[in-house]
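Data first, discussion second: the structure below is written as structure tokens.
The values are calculated or read from the model by the stated rules, or taken from the named source; none is laboratory data. Since the structure is predicted, the reported quantities are computational estimates derived from the model, not experimental observations. Quick reminder, even Gly has a Cβ in these numbers, built from the backbone with ideal geometry, and neighbours come from all protein chains shown. Keep in mind that these areas ignore ligands, DNA and RNA; they rest on the heavy atoms of the full protein, side chains included. Shrake-Rupley method; radii C 1.70, N 1.55, O 1.52, S 1.80 Å.
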Amino acid sequence: MSDAGPAYVLGSDPHELERLDHQAAAIAPATRLLLRAAGVRPGMRVLDLGTGPGHVALMLAEIVGPSGAVVGVDQAPAALAVARRRADEHGLGNVRFVQADATAWRDDEPFDAVVERLLLFHAADPVAVVRHHAAGLRPDGIVACVDFDIGGARSFPAGPLVTRVAGWLEAAFRHGGADPTIGARLALILRAAGLQDIGGFGVVGYLAPDDPTGPRLVTGVARSLAPVITAAGIASAEDLGLDTLEERIAAELRSTDAVFLPPTVVGAWGRVGPEGLPTAGGLI
Ligand SMILES: C[S@@+](CC[C@H](N)C(=O)[O-])C[C@H]1O[C@@H](n2cnc3c(N)ncnc32)[C@H](O)[C@@H]1O
């Protein structure tokens, strides 16, 4: 891929695209809440960075309505094919998708808002990415970021399997060049990029012991990261036991009557001033 860092650690095979569907469904309410709080409104022209199969782009198309427009950018052709098909199925004429390096792409026309969900998580230099896109905004345009802080993911009461697997996933993301706790620092990244009026908050689910969502999401991520987990010696294929992992996590939650807290979905936003972005950003 680009010079943004190591190859994207999650890939875009059919399993990963299906995992993104499950994940997107689980975090859609939090995302909608955060995008509205960020100030994404009808009529805006919005850029969606790392759009993948297009869940956020389609949500944005609904928010901005027919008088607005959305451009989704991703490097993965397979994900973009799904995104385009879904936009067609929804009859959305105000969404288009571009295959490009989302860290460096720039449109000819400025945007009112640039949005990213789970792209900065994988960026080698998130401040530079935000700064690049903030410079492509209209005066008073907004940057709205939605990303995970997986540091808070746990079961309560804590169980050994969930604790162990959460540690493996965090280690594998870091080994693959991602920042799995970036949600905690999103507002600082926006400040360092030179944005003003920064705000944000996190949303966390508390899933009942018999809710299958948590075990399925954790196992899906473990499956996508398995090559990294085993190659880096974080855990063996036997330790992971992918074939039975989902059921073992579900059984641990049920047997201890534990609530599952998935990664916190954090939103942070800021705007460029009436004269655009200042030439020097603040410090983290
Ligand atoms: C975890 S997925 C998130 C997809 C979508 N934003 C969502 O929240 O459902 C990250 C996406 O970013 C894309 N991506 C990662 N680095 C990229 C880059 N430098 N340029 C373009 N796309 C990138 C991947 O292909 C993948 O589709």
Among (1) of a type outside the set (S, T, N, Q); (2) touching a Pro at 6+ places or on another chain (Cβ under 9 Å); (3) more than 24 Å from A184 (Cβ to Cβ), where does L20 come up short? (3)
List the number of the failed condition for V146; all other conditions in (1) closer than 21 Å to L58 by Cα; (2) surrounded by fewer than 23 Cβ atoms within 10 Å (Cβ to Cβ); (3) of a type in the set (A, V, I, L, M); (4) in contact with a Lys or Arg (Cβ under 9 Å, 6 or more places away or on another chain) hold. (2)
For G200, state whether it is under 19 Å from the mean Cα position of the chain (by Cα), within 16 Å of the ligand (Cβ to nearest atom) and open to solvent by 30 Å² or more (accessible area, probe 1.4 Å). no
Give just the number: which of (1) open to solvent by 10 Å² or more (accessible area, probe 1.4 Å); (2) in contact with a strand residue (DSSP E or B) (Cβ under 9 Å, 6 or more places away or on another chain); (3) in contact (Cβ under 8 Å) with a residue 60 or more places away in the chain; (4) under 14 Å from G50 (Cα atoms) does A135 not satisfy? (4)
Cβ contacts < 7 Å: first residue surrounded by fewer than 21 Cβ atoms within 10 Å (Cβ to Cβ), restricted to the range 56-69; second residue in a helix (DSSP H, G or I) and β-branched (V, I, T), any location; separation 6+ or different chain. Result? M59/T31
Which residue, of I234, I249, I284, is assigned to a loop (DSSP other than H, G, I, E, B) and modelled with pLDDT of 95 or more? I234
Scanning the range 10-55 for residues that are within 25 Å of D197 (Cα to Cα) and charged (D, E, K, R), the one surrounded by the fewest Cβ atoms within 10 Å (Cβ to Cβ) turns out to be R36
Taking the range 191-217 and keeping residues part of a loop (DSSP other than H, G, I, E, B) and touching a residue at least 60 places away in the same chain (Cβ under 8 Å) leaves A193, G194, L195, V204, G205
